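Below you'll find the structure, written out as structure tokens, and then a few comments.
Just so you know, all these numbers are worked out from the coordinates, no wet-lab data involved. Just so it is clear, the structure is predicted and the values come from calculations on it, not from any experiment. For neighbour counting, all protein chains shown are included, and Cβ atoms are generated from backbone atoms with ideal geometry for every residue, glycine included.
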Amino acid sequence: MSKSSTRRNVNEKVQSTPLGSQRSENVLASLYSSLMGHRLHQDNLLWSRTRILMTVQAAVIAGAYFQRSVWIGPAVLYLGAILIFVLYLWILRDQDDRDVNEEITDRLAERLLPDNIKSEISQELDRLLASDASGRLNRLEKKKLRRFRKYKARYVWFTTPPVSVPKWRRKVRGRHFLPGIVIFFALLDLTMAIVFSRPEWRLMLFP
């Protein structure tokens, strides 16, 4: 069965099932499980290619260093920079495929989570925020508060205002971390290739 026909069957089941019924909840839970399975699969692919990228970079540096006195050294570095860029494009595709259904899974999680659990978490968050304002949190409660703040930033049923995160912290995590690593690797390869192609620089830095 093709993906389009499977998606059409799921949509027909959801639309034909009365809202609030047990069958409707089961269909939504099955859909949520399928979407999360897809997300985990793409996430595994992403990190698998990231490990390949790291391995290729280490091999490029080692191979170029041992061949630094001949033309093969710079050539390996130039080819390595190109290969790193191609691998990064694959990683970006995996990242987009992983996050394509993120909004849907968040809405499904909000729909499937019982209201009493939402209320308990919201009350616990309010208590932790009040204790944090008065400086009465212990180490475990601070860890729980950080985790709840992540929930609050993700799910719409929290009523407390979002937490302001410093701009520099947003830059060094998430989507900005891997591009920085790739740019660093590419610049390192190109710099070493230029150094190895100049005998006087190569002998001065790598005698």
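What to note about this one:
- Restricting attention to segment 108-123, the residues being surrounded by 14 or more Cβ atoms within 10 Å (Cβ to Cβ) and farther than 19 Å from ASN26 by Cβ number 3.
- Cross-chain or 6+ apart pairs with Cβ under 7 Å, segment 62-76 first and under 11 Å from SER197 (Cβ atoms), then among the basic types (Lys, Arg) and surrounded by 12 or more Cβ atoms within 10 Å (Cβ to Cβ): ARG68/ARG202
- Unmet criterion (only one of (1) closer than 30 Å to LEU31 by Cβ; (2) surrounded by fewer than 14 Cβ atoms within 10 Å (Cβ to Cβ)) for THR105: (2)
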